[in-house]
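The values are calculated or read from the model by the stated rules, or taken from the named source; none is laboratory data. What you see is a predicted model, and the numbers here were worked out from it, not measured in a lab. All Cβ positions, glycine included, derive from the backbone under ideal geometry; neighbour counts span all protein chains shown. Surface areas here come from the heavy atoms of the whole protein model, side chains and all, with no ligands, DNA or RNA. Shrake-Rupley method; radii C 1.70, N 1.55, O 1.52, S 1.80 Å.
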Amino acid sequence: MPRFRPGDRVTVRELGKPGHVRIPFFIRLKTGEVERYCGAYPNPEDLAFGRPGLPAIDLYRVRFDQPALWQDYRGPGEDTLEIEIYDHWLEPAGQD
C-alpha cells in the first residue's frame with residue numbers, strides 16, 4: 001500500500017547519498033504535491049551498481065511550483081515541474 005496519495009504535500013529529503021541517484025540537487029529539501037502514484041519498481045540506485053534493487057520501492061510523480069524552486073524564476077507564476085521520485089526520498093511536508 002503506497003504511503004502517499006495524490007494531493008499529499010511532500011518534501012524531498014537530503015539523504016547525502018553518493019554515487020548514482022535520480023534526485024537532482026535543486027529539488028532536494030523542496031516541497032511539492034503528489035500528482036500520482038506510478039507503481040513499485042526496483043531501486044535504480046541499486047540497479048546502477050549491478051544489485052537487484054529489491055524489494056521494489058513505490059514511485060510517485062510529484063509536482064512543484066517553479067517559482068518556489070528558483071529564486072529568480074521569471075516565467076508565469078503557475079508554471080510547474082513534475083518529477084518522478086522514489087518513496088525513500090520523500091517525507092510528509094512539515095516533517096524534519
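Points worth noting:
- Backbone N within region 6-39 under 20 Å of label point (7 Å from A48 Cα along the Cβ vector): 12-30
- Overall, the accessible surface of the chain at a probe of 1.4 angstrom is composed of carbon and sulfur to the extent of 50 percent.
- Exposed GluC sites (Glu not before Pro) absent - longest run of the chain, DSSP non-H/G/I/E/B, at most 14 other C-beta within 10 Å: 15-77
- Using a probe of 1.4 angstrom and keeping all protein chains present, the accessible surface of the chain works out to 62 square angstrom per residue.
- Low-density loop positions, chymotrypsin sites (Phe, Trp or Tyr not before Pro), region 1-84 - DSSP coil, at most 16 other Cβ in 10 Å: F49, W70, Y73
- Mean Cα-pair separation over length for the chain, i.e. relative contact order, pairs under 8 Å, 6 or more apart, %: 31 percent
- The loop-placed trypsin sites (Lys or Arg not before Pro) in region 10-96, going by DSSP, that have at most 10 neighbouring Cβ atoms within 10 Å of their Cβ come out as R74.
- Under a Gaussian network description of the chain, with springs only between Cα atoms under 10 Å, the residue in L69, L81, L29 that fluctuates furthest is L81.
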